[in-house]
Every structure is written in C-alpha cells, then in structure tokens.
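Working notes for the structure below.
The values are calculated or read from the model by the stated rules, or taken from the named source; none is laboratory data. Being a predicted model, the structure only gives us computed values, none of them experimental. Please note: Cβ atoms are built from the backbone with ideal geometry, for glycine as well, and neighbour counts cover all protein chains shown. Side chains are part of the model used for accessible areas, which takes the heavy atoms of the whole protein and leaves out ligands, DNA and RNA. Shrake-Rupley method; radii C 1.70, N 1.55, O 1.52, S 1.80 Å.
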Amino acid sequence: MLETPVLSVKDLVVRYGEACPKCAESLEKNRCSVCGCVWAANNLSLEVYPGEVLGIVGESGSGKTTLMRTLYFDIAPTAGSAVLHDYKDASQSIWEASTAEQRMIKNNIMGMVYQNPVMGLRMNYSAASNIAEKIIAAGSRNAAQMTARATELLEAVEILTSRMSEAPKNFSGGMQQRVQISKALANNPSLLLLDEVTTGLDLSVQAKVLDLIRKIKAQYGISILLVSHDLAVIRMLADRTIVMLDGKIVESGLTDQILEDPQHAYTQQLVHSLI
C-alpha cells in the first residue's frame, strides 16, 4: 500500500495578466508574446511523502519561489489545488481555506524558511521571542513552556543559550537562518518549506546549515520541500528531485537518477555545471 502524501499539489497556475486563447502556443519562456501575461507557475503537480526531502532545482525565474510562496499563502494562485494530509484529511484544498484556517495551517502544519531572513524574522525581537511569537500564534500562553521550547530549539540549531535574548539583527547571516529554522519548527510542523536557505552564505556556513537540516530531518522525521538553484545542495539533501524551467516541471525522479542520467537538455546542462 502506498504512503499517503503529506502534501499533494495539482495543476498549480500562477499567472500575472489575463490569458489569451493563444497563450498555449505563444509562450516565449514563460511570457505570452501575444497578450504579454506571465505564467510564473504553469500547471505544476507534485507530491511530498512522509519523512522525505523533495528537492526543487532551477534557475532564477523558473518558478521555484513562486511555488513555495503560494504554498505559504504569500501569493494567491490563479488555479489549481493543494491538499495537506494534516488539514481536513486532505479533503479540501488549502487555497479554499478561510483566512483563520490559513493562519492555523501556517502556525501548526507548515513551517517556512525564506531566502531572506528579514521576511521570516522580526529583527528587533530577541531570538527567543521570535520562537515564542510562533508558539503564541498557535494558541499557547504558558511562558515557562515557551521558554523551554525556545531553549530546546535554539540549542538544536547551535545558537548559544547566552544569546537567546539577543535580536537577530545582531547575528550573522548563517545564524539568522538558523533562528529562522528554529522558529519554523516551533510547533512541530509536518512539512518544512526551505527556500534557497544557503544563498549568499559563505561556503563554510553553507555546510553548517546543510548539516543542520540533515540533523533536523533525522531528529524530527519531518518532510521537507527544499528549493535551490544549486544542484550540489540538492544532491546532498534530496531523496527525489524536480527540475523546473520557465514555470514548468521539465524532469523529475530520484535524485541519483537525475544526477547520473539526466534526460532533459536543461538538466544535462545543470549536471554538467556541477562536475
């Protein structure tokens, strides 16, 4: 019997502008040459299974971040559905949920780590307060439990407890990403969304963040949707990989298969650049 997916996305479209009848045959990359509308996501379908890391790789503008931000309700989809196993037993698309239900999903079922920590953290709050904010949003009011949870999570991401009361604005980029990860884990989500979390970090810091993600997966058994333009990151972490180009999925499969025997010309180019 097949496992039930943690997340299932079907036919996601994110389009900017009104489509015309000629869009299907008139797209230049992801822009219609007739009406000028942009298809940031063009009929994307994917599934994430319990405990797996699904990697999404592609160049800038391929639609990776659009997918992630749509899943986290930062962008409204034009069409399509997304169901979570932990939301109404996957009987209703999360994009049909009320605003209150969407907040519940963001606070309890999913965690998001943005490429830019400014989008995921309150830079003037302390590291512990950032985590507490997420816990409060899920309905808890027990100060002692919040402090204990913040301590546990910051230790898990190797932030010294002596720096718990410091604001992330005082931290390095790598430390800010680690605080973001701890905040995203605050309420034990079943799905973690990681959007280009190592971009802009020094190589040694990248290695520490990637190692941390591996430890988190092992410790918490969490499912992860991991977006990167860097195939080396995908190779290190992902069980399966989806390759995106111009808003579409052009190839998918086990990560080893994608790396060893790429079929699409763009994937071949990516793999060649990694060697």
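Within the range 96-106, how many residues are within 30 Å of residue 209 (Cβ to Cβ) and surrounded by fewer than 19 Cβ atoms within 10 Å (Cβ to Cβ)?
In the first step, residues of the range 96-106 are kept if they are within 30 Å of residue 209 (Cβ to Cβ); the result is 102-106.
Right, trim to surrounded by fewer than 19 Cβ atoms within 10 Å (Cβ to Cβ) and you get 102-104.
Residues flagged as within 30 Å of residue 209 (Cβ to Cβ) and surrounded by fewer than 19 Cβ atoms within 10 Å (Cβ to Cβ) within the range 96-106 amount to 3.
Just to be sure I understand the filter: pairs with C-beta atoms under 9 Å, separated by 6 or more residues or on different chains, first member in the range 222-235 and over 19 Å from residue 270 (Cβ atoms), second member open to solvent by 10 Å² or more (accessible area, probe 1.4 Å) and among the polar types (S, T, N, Q). Which pairs pass?
222/188; 222/190; 223/190
I need a count of the residues in the range 22-48 that are closer than 23 Å to residue 84 by Cα and either more than 27 Å from the chain's Cα centre (by Cα) or open to solvent by 30 Å² or more (accessible area, probe 1.4 Å) (or both). Let's see the steps before the verdict.
Step one: of the range 22-48, the residues closer than 23 Å to residue 84 by Cα are 40-48.
Add one more test, that the residue is either more than 27 Å from the chain's Cα centre (by Cα) or open to solvent by 30 Å² or more (accessible area, probe 1.4 Å) (or both), and what stays is 43, 45, 47.
Of the residues in that region, 3 qualify.
Looking at residue 81 and the list (1) touching a residue at least 12 places away in the same chain (Cβ under 8 Å); (2) part of a loop (DSSP other than H, G, I, E, B), which single condition is not satisfied?
Condition not satisfied by residue 81: (2).
So which residues in the range 45-78 are assigned to a strand (DSSP E or B) and in contact with a His (Cβ under 7 Å, 6 or more places away or on another chain), if there are any at all? Walk me through how you get there before you give the answer.
Of the residues in the range 45-78, the ones assigned to a strand (DSSP E or B) are 45-48, 53-57.
Answer for the range 45-78, where residues must be assigned to a strand (DSSP E or B) and in contact with a His (Cβ under 7 Å, 6 or more places away or on another chain): just 57.
Please identify the pairs in which a residue from the range 183-209 that is over 8 Å from residue 111 (Cβ atoms) has its Cβ atom under 6 Å from the Cβ atom of a residue that is among the hydroxyl-bearing types (Ser, Thr, Tyr) and open to solvent by 40 Å² or more (accessible area, probe 1.4 Å), counting only partners at least 6 apart or on another chain.
Going by the 6 Å Cβ cut-off, the qualifying pairs are 195/65.
What about residue 19, is it of a type in the set (Gly, Ala, Ser), touching a strand residue (DSSP E or B) at 6+ places or on another chain (Cβ under 9 Å) and open to solvent by less than 10 Å² (accessible area, probe 1.4 Å)? Break it down stepwise before answering.
Numbers: of a type in the set (Gly, Ala, Ser): yes; touching a strand residue (DSSP E or B) at 6+ places or on another chain (Cβ under 9 Å): yes; open to solvent by less than 10 Å² (accessible area, probe 1.4 Å): no.
No, not satisfied.
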